[in-house]
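Taking it in order: structure first as structure tokens, then the write-up.
The values are calculated or read from the model by the stated rules, or taken from the named source; none is laboratory data. All values derive from a computational prediction rather than experimental measurement. Cβ coordinates were reconstructed from backbone atoms using ideal geometry, including for glycine residues, and neighbour counts include every protein chain displayed.
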Amino acid sequence: MGDDRGPSASARSARVNGLLFVVVVLLVPLGYAFVPAIFNDGDTSWHIAVGQWIAQHGRIPTADPFSFTAYGKPWVAMEWPADLLFASAYGAAGYAGLAAVFAAALMALHAVVFVHLQRRASPIAFTPPRAFIASARSCARRSDTMIAVATRSCTSITARRP
């Protein structure tokens, strides 16, 4: 007679990990990135305009070229790499291009956190991150997502398991 105990615990665990990865790392970010309300933020237009200005002038602005009240005053464009990326995506595919960039950034962020938690705790620890998902919604509107991915990646790579 065969073994009818079903799949082993390691096989079930691998299936759960795979399912959690697909849902948390792929589907949740897609859901948030393609909601039209994600563009109801003035920062998005600002980042596109700054990226377009940088592309047209070939340099990072040192004075505010846009606002009425601070025109010409010193300004530091700290998020210029993301601004260039947003302007390029918008130029190539409009808001659909921006949504794709946001989705990719959120997927990368979720993947880094998922892998980190999988090594440190358990993938199940990643399933109830309502606060994380809520923060991802607001983070996706800004270039902060790109910074978060880089920061979490560096932290995860350099952290040592006790």
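For this structure, a couple of remarks:
- Restricted to region 1-91, the set of helices (runs of 4 or more DSSP H) holding at least 3 residues that are farther than 28 Å from LEU117 by Cα and out of contact with any helix residue (DSSP H, G or I) (no Cβ under 7 Å at 6 or more places or on another chain) comprises 42-57.
- When residues of region 26-62 are limited to those that are among the small types (Gly, Ala, Ser) and surrounded by 15 or more Cβ atoms within 10 Å (Cβ to Cβ), the one modelled with the lowest pLDDT: ALA33
- Qualifying residue in region 67-76 (condition: on the phi < 0 side of the Ramachandran plot, out of contact with any Asp or Glu (no Cβ under 8 Å at 6 or more places or on another chain) and surrounded by 12 or more Cβ atoms within 10 Å (Cβ to Cβ)): no
- The single residue among VAL16, VAL22 that is surrounded by fewer than 16 Cβ atoms within 10 Å (Cβ to Cβ) and either in contact (Cβ under 8 Å) with a residue 60 or more places away in the chain or over 18 Å from the mean Cα position of the chain (by Cα) (or both) turns out to be VAL16.
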